[in-house]
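Let me begin by presenting the structure, written as structure tokens, before commenting on it.
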Amino acid sequence: MSLSPADFFTDYTLRSIVLGSALLGLVAGTLGCFSVLRRQSLIGDTVAHAALPGLCAAFLLTGTRDTLGLLVGGGLSGLLASLLALGILRYSRLKEDVALGVTFSTFFGIGIALLTAIGQSGNAAQAGLEGFLFGQAAALTAGDVARFAVLGALALGTVAALHKELQLSLFDPDYAAVQGWPVAGLTALSTALTVLAVMLGLQTVGVVLMAAMLIAPAVAARQWTRSLGGMLRLAGGFGALSGGLGAALSLALSPEGGAGLPTGAVTVLTATALAVLSLLLAPGRGVIAGWGRQRQARARLRRELAGGRR
Amino acid sequence: MTLPFDLVIVGTAVMVAWACTLPGLFLVLRRQALLGDAISHAALPGIVAGYWLSGGSLASLPALVGASLSGLLTVGLSALIARSGRVKEDAALGLVFPALFAAGVIAVSLNYGNVHLDLDAVLYGEIAYTPFRPGWLGLPAAWVLVGGMGLVNALFVGGLFKELRLSTFDPGLARTLGFSPRLLSGALLTLVALTVVAAFEAVGAVLVVAFLVVPSATALLLTRRLGTALGLALGAGLSASVLGYVVALALDASITGVVAGVLGLQFVGALAAQGLRARRVRGRAAPQG
């Protein structure tokens, strides 16, 4: 496809895809900061996989492939899995990765069992239920964009309103508890918001790639700032940028008449590129800046040693 | 000689369980429990490359080698990023494997847009088909591949148990004493990558990820001794395989799914037992009045 930049503002389909992906990146990038800082980066992956039994159960209950019903079912089982993981963390000495790994593989296993049960039921509508987990950004409509905007505003508004409380319970849960704040409730709340972001993204970029949309913008943002507020804003910006840019690139680069580049994959590679560039180039925390400092320190030490001998 | 189907399937499940648990216990202790999941996704570009090189056969040696290489790439890249000290291990892993998977997805869509490269067949290798795939000396292919990997893992963990224990719990001391914790962890992660690829070709990624994490997590809830934990974890894998198979047959459901579910139930049981014990101990320790 040969596209001029103006097409993205005038063409209905293109505008929906780019806007939808950018909104998704904004929400996921912002919320991802909490899970990355809590060492639960892979919670997106866990929730996305744990949605499978809920998707199947919703399908079994409703008997149709109605998107909203499936998303609600998937969201509920994703939420249940992430709350169970938080419970395991709280009531045992197992670490974050183990808690996530245990819930994720159990839920996914149960989902697979349900999926085969559905497959044997001979219901024609079940075809493509698995494909649901791989995402299709090209199918985004203006209605989806409006839904993203409403739910995203709800999630980001909650983060903005509870910024102080979330920050303290993230960095110093003991002090927050002593102050009388419901730390467990706040943690559960920020996890629930993450589940919401994942469910928005499932449909668009798919299970595996959704994990990246939570992590990469947060990793990139962390390089440029030392404050949580700054990190949240930057990560949101990076997420929106990689969503919008990735979608636009995938549309613009698709070969003429070909199957087209998958939007989710290009978006994730864009986000990863931003993260890698930030890791290397950021002043202060960047790898290259670190090398420079090391060299200076070595030279200073050598000078001082030489001076001391004299 | 043909072995009975039941024996082949349950035997495969137990072999996968044991081959995964041996290195899995150390992964769980090193906060790398999700590595199996990461590798199973990151293997995609390697599989595509192998598929391309072999001219279009999926379950082939090139695809297997390609998958192993991308598994090793995942391990190496995420270790490199984590070692820079700017990103934690979990986030480093989460940065690497989706990027590799995305590269694989793009490669598939560019080159095989019109061919249906059945990803499900790779990610959900089906344990129920193992009896129909002959391997070597009349043994099923899965037994040869996974059993061989399990044997290598057993030799590694058995031979270097002391060293692994030291470098897992106190890498600083291990380095001071002249062991190389980095080399040892590199070897461990390499074995994990190879085991994951060998096993998911036989039984699918879901069961592999479950066996890498859940039996060890269950065992670590029940004991604080590493040797005991290893024994308990191997036992948990055995019982989940047998029980899961029986239940799956009774329910006519996916063996993989039910075995993973039974593993989860065992974990919940261990969690409850641990909780009860903790409460009893606390009750005894509480001051009177």
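Among rounded, prolate and oblate, which fits chain A when a ≥ b ≥ c are the square roots of the eigenvalues of its C-alpha gyration tensor, a/c under 1.5 means rounded, and a/b larger than b/c means prolate? Before the final figure, lay out each step's value.
Numbers: a/c = 2.07, a/b = 1.35, b/c = 1.53.
Judged from the Cα gyration tensor, chain A comes out oblate (a/c at least 1.5, b/c at or above a/b).
Each residue of segment B:222-232 in turn: what ³J(HN,Hα) in whole Hz from Karplus with 6.51, -1.76, 1.60 and θ = phi - 60°, glycine and Pro shown as x?
Rounded to whole hertz, the list is 9, 9, 10, 9, 5, x, 4, 4, 4, x, 4.
Name the long-range amide H neighbours of B:S254: under 5 Å, sequence gap of 5 or more, or other chain; modelled H, no Pro or chain starts.
Long-range HN contacts for B:S254: A:T116, A:A117.
Please report, as a whole percent, how much of the solvent-accessible surface of segment B:5-283 comes from carbon and sulfur atoms (probe radius 1.4 Å).
Numbers: 7900 of 11560 Å².
Result for segment B:5-283: 68 percent of the exposed heavy-atom area is carbon or sulfur.
Find the sum over both chains of the accessible area lost when A and B are paired, probe 1.4 Å, and report it in Å² to the nearest 100.
Answer for the A-B pair: about 4400 Å² buried.
If the reach is capped at under 30 angstrom between alpha carbons, list the lysines near A:K164, excluding any in the same chain fewer than eight residues apart.
Once the sequence-local lysines are set aside, what remains near A:K164 is A:K95, B:K88.
On average, how many beta carbons from a partner chain sit within 10 Å of the beta carbon of a residue in B:83-90? Don't jump to the answer; show the numbers that get you there.
Working: counts 0, 6, 3, 11, 9, 6, 3, 13.
Across the residues of B:83-90, the mean count of other-chain Cβ atoms within 10 Å is 6.
Output wanted: per-residue J couplings in Hz (rounded whole) for segment A:83-91, from phi through Karplus 6.51 cos²θ - 1.76 cosθ + 1.60, θ = phi - 60°, x for Gly and Pro.
5, 4, 4, 4, x, 4, 4, 7, 9
What relative contact order, as a whole-number percentage, does segment A:7-309 give when Cα pairs under 8 Å and 6 or more residues apart are counted? Walk me through the numbers on the way to the answer.
Values: 463 pairs, mean separation 88.1, N = 303.
This gives 29 percent for segment A:7-309.
Mind running the shape call on segment B:5-283? Use the C-alpha gyration tensor, a ≥ b ≥ c as the square roots of the eigenvalues: rounded below 1.5 for a/c, prolate if a/b tops b/c, oblate otherwise.
Values: a/c = 1.71, a/b = 1.18, b/c = 1.45.
Oblate, because a/c is 1.5 or more while a/b does not exceed b/c.
Would you mind getting me the FRET efficiency between B:L265 and A:T62? Use the beta-carbon distance for r and R0 = 35 Å, nearest 0.05.
On the way: r = 27 Å, r/R0 = 0.79.
Computed FRET efficiency for B:L265 and A:T62 comes out at 0.80.
Which ³J(HN,Hα) values, rounded to whole Hz and listed in residue order, are derived for segment A:202-213 from phi using the Karplus coefficients 6.51, -1.76 and 1.60 in 6.51 cos²θ - 1.76 cosθ + 1.60 with θ = phi - 60°, glycine and proline given as x?
Karplus-based 3J(HN,Hα) across segment A:202-213 equals 3, 5, 8, 10, x, 4, 5, 6, 4, 4, 5, 5 Hz.
Please say if the protein assembly as shown is rounded, prolate or oblate, where rounded means a/c under 1.5 for a ≥ b ≥ c the square roots of the C-alpha gyration tensor eigenvalues, and otherwise the choice is prolate for a/b larger than b/c and oblate otherwise?
It comes out rounded by the Cα gyration axes.
From the helices alone, meaning DSSP H stretches of at least four residues, give me the mean residue ellipticity at 222 nm for the protein assembly as shown, per-run term -39500 (n - 2.57), in deg cm²/dmol to the nearest 500.
Values: 25 runs with 470 residues, N = 599.
The helix-only estimate for the protein assembly as shown comes to -27000 deg cm²/dmol at 222 nm.
Looking only at segment A:71-102, which residues have a backbone nitrogen under 17 Å from a spot 7 Å from the Cα of B:A273 in the C-beta direction?
A:92-94
Report the extension gain between B:L7 and B:S239 in nm, rounded to one decimal, defined as 0.36 nm multiplied by the number of residues separating them, less their alpha carbon distance.
Values: separation 232, 0.36 × 232 = 83.52 nm, distance 1.44 nm.
Computed gain between B:L7 and B:S239 is 82.1 nm.
Testing the spin-label approximation: label points 7 Å from Cα along Cα→Cβ at A:A153 and B:S180. State their distance in nm.
5.9
I want to check the label-to-label distance for B:T228 and B:D252. Put each point 7 Å from Cα in the C-beta direction and report it in nm to one decimal.
Each label point is offset 7 Å from its Cα along the Cβ direction, giving 4.5 nm.
With label points built 7 Å along Cα→Cβ from the Cα atoms of A:L162 and A:L301, find their separation and express it in nm.
For A:L162 paired with A:L301, the spin-label model returns 4.7 nm.
With a 1.4 Å probe and all protein chains left in place, how much accessible area per residue does segment B:1-96 have, in Å²? Please list the in-between numbers first.
On the way: 3560 Å² over 96 residues.
Heavy-atom SASA per residue in segment B:1-96 reads 37 Å².
The values are calculated or read from the model by the stated rules, or taken from the named source; none is laboratory data. In this text the structure is predicted, and so the values were computed from the model without any measurement. Using ideal geometry, Cβ is built from the backbone for each residue, glycine included, and neighbour counts are taken over all protein chains shown. Areas reflect the complete protein model, heavy atoms only, side chains present, ligands, DNA and RNA absent. Shrake-Rupley method; radii C 1.70, N 1.55, O 1.52, S 1.80 Å.
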